[in-house]
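The values are calculated or read from the model by the stated rules, or taken from the named source; none is laboratory data. Quick caveat: nothing in here was measured; it's all calculated off a predicted structure. In this analysis, Cβ positions are derived from the backbone assuming ideal geometry, glycine residues included, and neighbour counts consider all displayed protein chains. Keep in mind that these areas ignore ligands, DNA and RNA; they rest on the heavy atoms of the full protein, side chains included. Shrake-Rupley method; radii C 1.70, N 1.55, O 1.52, S 1.80 Å.
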Amino acid sequence: MLVKGRIIRCVLFDLGDTLWYRKDQETWRRLEFAANCQAIALLRMHLESCSLPDQDDVTLGRSLRVAFDAQTRARIRRDPSHEPDGAEIAMETLAQLGWGQIDRQLGAALFEALRVRIIDSRLLYDDALSTLAELRRRGFLLGVVTNRLWGGPPFQEDLRAFGLFEYFDPATIAISADLGVRKPDPAIFLHTLRALNVSPTEAAMVGDSLRSDIVGAKRLGLLAIWKPKPRVREALQARLVAPGATSANASFGHQEAFAPPSAVSAASDLPPDLPPGLHVTDDDYVLSTVQGPGSDPLALLASNLEEYKPDLMIEHLSELLEIFPKAGVL
């Protein structure tokens, strides 16, 4: 076996696109639209009418969201190890748009107004809870390490509503928004490992991002398990069965890159360099200019750099039950 002799007592999980996924695009647009309008209503209450452009709330809300997302990416790319302060980003965004200066209290309220609640916008994978339950029954310690700009009590409420507190103690859930540190920085992994009293070499990390989950896990010596997004996995499989593909070039680190994404129209809110299947908030995209050019996961594998190569790859969470028959045995 690839990691024969490795003793694993603990499994850590990312959340987005690992334990849960976004609902359909129409639902996401509706929820984001409502949050955008809520944010603009808040600004209309506190700013002079002349401060905002003479546009409808929908247009203003979309402009605010796009600028806020861009400002967030810029902050992270300047300081990738730390989760930026949401209130400060909101304040900077208003100033950049020329809509006026706001104080921190209003910045915090605006940041909260832009939140899209997880319980409304995500769904757990069908095998998530059953896999967690069986891993715990087999004696594994479980934890979470996730990068998120929005944390705090509302996020804790969403985790509880999903039933995840049945399997994760809040003390073993490391959320970048609450800790101020982001994957792949070792500190956020160590926060959970220390809470579980487990050494890195006795733990595995399961996540969808090569740049944060896999790189972070390998830097500390965790077993790195990649669960790629469906579209990324489909592209990877297409490369493996492409004419002329061989077992040699089908291994990790020998994949060709995706074809460059076609340019988006001027009317689109998406950046033109966003690869297919990724969101603007995905770590593989956000960190792309920090850890080197390119945010395409297949391009990262093709780079042949050891830090991007996962130890194992899975499609479904339930496959972990084949990998880990019993705590402390692999």
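A few notes on this one:
- Of everything in region 301-323 that is more than 16 Å from residue 205 (Cβ to Cβ) and hydrophobic (A, V, I, L, M, F, W, C), the residue that is modelled with the highest pLDDT is 321.
- Boolean, residue 100 is at positive phi and outside the structural domain of residue 205 (by the TED database): yes
- Residue that is modelled with the lowest pLDDT, among those in region 262-290 that are in a loop (DSSP other than H, G, I, E, B) and within 14 Å of residue 182 (Cα to Cα): 290
- Residue identified as assigned by the TED database to the domain that holds residue 317 and either closer than 23 Å to residue 43 by Cβ or open to solvent by 30 Å² or more (accessible area, probe 1.4 Å) (or both) among 75, 137: 137
- Condition check for residue 296: closer than 26 Å to residue 25 by Cβ, buried (at least 17 other Cβ atoms within 10 Å of the Cβ), at pLDDT 85 or above and within 17 Å of the chain's Cα centre (by Cα): no
- Across region 61-88, the qualifying residues are those that are of a type outside the set (Gly, Ala, Ser), part of a helix (DSSP H, G or I) and without any contact (Cβ under 8 Å) to a residue 24 or more places away in the chain, and the one among them that is farthest from residue 216 (Cα to Cα) is 88.
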